[in-house]
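Accompanying notes for the structure given below.
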Amino acid sequence: MRIFGVVVVFVSLLFTFLCSFQFIPTIPTFMKGLIDPPSFICVMGLVLGGCLITYGSDTYNGCGAILKPTLSRDEAAIAVGVYKLAVRISIGSGFIGTMFGWISMLGAMDSGSGGMDMGAITQGAAVALLTTLYGLVFAFCLFLPLQYYFQHQLDQDS
């Protein structure tokens, strides 16, 4: 599972990199706005891959604990660790995507022909801002509440 986690992290970063520098098309114009697959894949791919690298097959027990009505002490402890790590990786991956977006924007400012490519600049800005947004939203609205929920379960079991 740890090797699979490394592959997920690598593919997520590669996909975000390629989309940031417009080597592959991102999304159709009718879906633009708050939906940006490269930003989503950057955040969730790094979270999933990082948790798989750290916890290996125990990650499934931590994530699968959401569906169980009662947890053992070991399952709750694993879930707390998984979601604590997910919060940190989510915030960090948001800023990694932000760096890709900023580098893309700055690279587009001098396209070599003397003019700026405004489409590339706005695409880089979108990746930068949306990746940060996704990282913070997932960290503080999903992973942190889950971490506190399982910590509460663990404290009640003591």
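Each residue in Leu18, Leu154, Leu52 was given a count of other beta-carbon atoms within 10 angstrom of its own, and listing them fewest first yields Leu18, Leu154, Leu52. Using the Karplus relation 6.51 cos²θ - 1.76 cosθ + 1.60 with θ = phi - 60°, the per-residue 3J(HN,Hα) values for the range 39-46 come to 5, 4, 5, 4, 6, 6, x, 5 Hz, with x marking Gly and Pro. Ordering 86-96, 69-79 by mean Cβ neighbour count within 10 Å, with the highest value first, yields 86-96, 69-79.
Once the Cα-Cα distance is subtracted from the 0.36 nm per residue extended length, the Val137 to Asp155 segment shows a gain of 3.9 nm. The simple spin-label model puts a point 7 Å past each Cα toward its Cβ; for Lys68 and Arg88 those points are separated by 2.4 nm.
Since every read-out is calculated from the coordinates, none of them should be taken as a lab result. Note that the coordinates shown come from a computational prediction; the quantities given were computed from them, not determined experimentally. Cβ atoms come from the backbone with ideal geometry, glycine included; neighbour counts cover every protein chain shown.
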